[in-house]
1. So which residues in segment 273-309 are more than 19 Å from S234 (Cα to Cα), part of a helix (DSSP H, G or I) and modelled with pLDDT of 85 or more?
2. Residues of segment 330-355 being assigned to a loop (DSSP other than H, G, I, E, B) and over 23 Å from the mean Cα position of the chain (by Cα), which ones?
3. Please determine, by comparing only the residues of segment 237-277 that are surrounded by 17 or more Cβ atoms within 10 Å (Cβ to Cβ), among the small types (G, A, S) and at negative phi, which one is nearest to the chain's Cα centre (by Cα).
4. Of everything in segment 378-422 that's of a type in the set (D, E) and under 21 Å from S326 (Cβ atoms), which residue is nearest to the chain's Cα centre (by Cα)?
5. Sort out which residues of segment 134-184 are within 17 Å of E118 (Cβ to Cβ), modelled with pLDDT under 90 and buried (at least 18 other Cβ atoms within 10 Å of the Cβ), and write them in order of number.
6. Which one of these is closer than 30 Å to I282 by Cα, in the same structural domain as I278 (by TED's automatic domain parsing) and of a type in the set (D, E, K, R): K9, K50?
7. Just give me the residues in segment 76-116 being assigned to a loop (DSSP other than H, G, I, E, B) and over 15 Å from A6 (Cα atoms), in sequence order.
8. Would you confirm whether any residue within segment 333-350 is in the same structural domain as N296 (by TED's automatic domain parsing), modelled with pLDDT under 95 and among the β-branched types (V, I, T)?
Amino acid sequence: MTYQEAMEKIDSLLVFGSRPGLERITKLLDLMGNPQNNLKYVHVAGTNGKGSVSNMTASILTKAGYKTGLFTSPHITGFGERMQINFNKISNQDIVQEVEKLFPFVEKLRKNGDIITEFEFVTAIAFDWFANQKCDIVVLETGMGGRFDATNVIKQPVCSVITSISLDHTAVLGDTLSKIAAEKCGIIKNNCNTVFALQDNEVNDVVIQTAAERNNTLFTPVNLPVIKSDIFGSTVQYGNLIIELPLIGKHQISNLQLVLCTAEALRKSGYAITDTAIKEGISSVKMPARFEIVQNNPLVILDGAHNPGGLKALANTIDKYLSEKSVICVMGMLKDKDCKNSLKYLEGKIDSLITTTVPDNPRRQTAKELRQSANSYFNDIIAEEDPLTALNTAISTAKSIKNSVVLVCGSLYLASFYRSAF
């Protein structure tokens, strides 16, 4: 089997979409010998910030000398980004070996009427690869929700981390913050540790109560003094440590606070994490498509914000760092996202909007559909179905306007497409 054939096998499962539930992946992992039971985990759930928190936590653990697995989704730079060990992506050869080994189990289950989804299969591959490579610990990011997310087949993690929670995937997870919080809290297991950043009271009540009912030690972060913050990152003080955070925005400082709290929880669980590991782990972290500058002259920034919470954080970042610039925004969103409540946060923040279509995604909405949603908030809107034409139009416009910037947002999939173009 070639690498392309292996990826075609994985992609063939996309047609079954996202179907929450643990029954199917449990059957698959049983056939595999349950490799997930041989690993230790930091399990991360939430609406926004999961990727940043997971990457920072994995970076600290790697610098501390632990063989650290990292599982995230979706990928931005290539499929191998989804599963890494000490930030080395799974090789094409290992992907082929895993698919050759595990896909027959998928076919066996299909004959019995059990249809494995793409995310379930990728999760199973990750468990098997991490176990075979004998990782000391795995930072495991949920895909959607928590309670019925495929990653939640694991038993007791070292700690569960709940990031910022807002309205997203409401058709599946519920239409209120408390309902969504309850789904995210599904990753909290009995007699464990929970790390959680206090936020909306409706969310706080659910998380605190769940942690207490399941006899968890609850860790909550404190605010960090900010020494400096600009478009290239922030400098904060953590006790006697001065930490350089290369990720941009106030929300990333909040994510950092959660990560440092996670490091303390891990320390109390016996992990030898030095101050040096924390400082070096944070300063070396890299996150594609999180307010990422990919070009100068004109300035082009990619951001994967794709729901109300993400767009609210992005709007705050625009206010802080781009308020004196003319912002030309290119946006594409998926149909299952809360477009109107996301778009409202950019009202008055951008000068012109070019809507486009996220390429090669069955959940995409057209540029014209997104423009229709945006009409209530913006006057200068162009709908351009082709994403490359949309980007070139934005760059050409920015070149003709002094002190301007191109900002891409609305979808991690769109950011991934543009990133490959750059």
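1. If the condition is that a residue be more than 19 Å from S234 (Cα to Cα), part of a helix (DSSP H, G or I) and modelled with pLDDT of 85 or more, then P308 is the only one that fits.
2. Scanning segment 330-355 gives E347, G348, K349, I350, D351.
3. Per the criteria, the residue is S254.
4. My answer is E384.
5. Result: M144, G145, H169.
6. After ruling out the rest, the residue left standing is K50.
7. I76, T77, N86, F87, N112, G113, D114, I115, I116
8. There is at least one residue in segment 333-350 that is in the same structural domain as N296 (by TED's automatic domain parsing), modelled with pLDDT under 95 and among the β-branched types (V, I, T).
The values are calculated or read from the model by the stated rules, or taken from the named source; none is laboratory data. Given the structure is predicted, the values throughout are model-derived calculations rather than measurements. Glycine also receives a Cβ, built like all others from the backbone with ideal geometry; neighbour counts cover every protein chain displayed.
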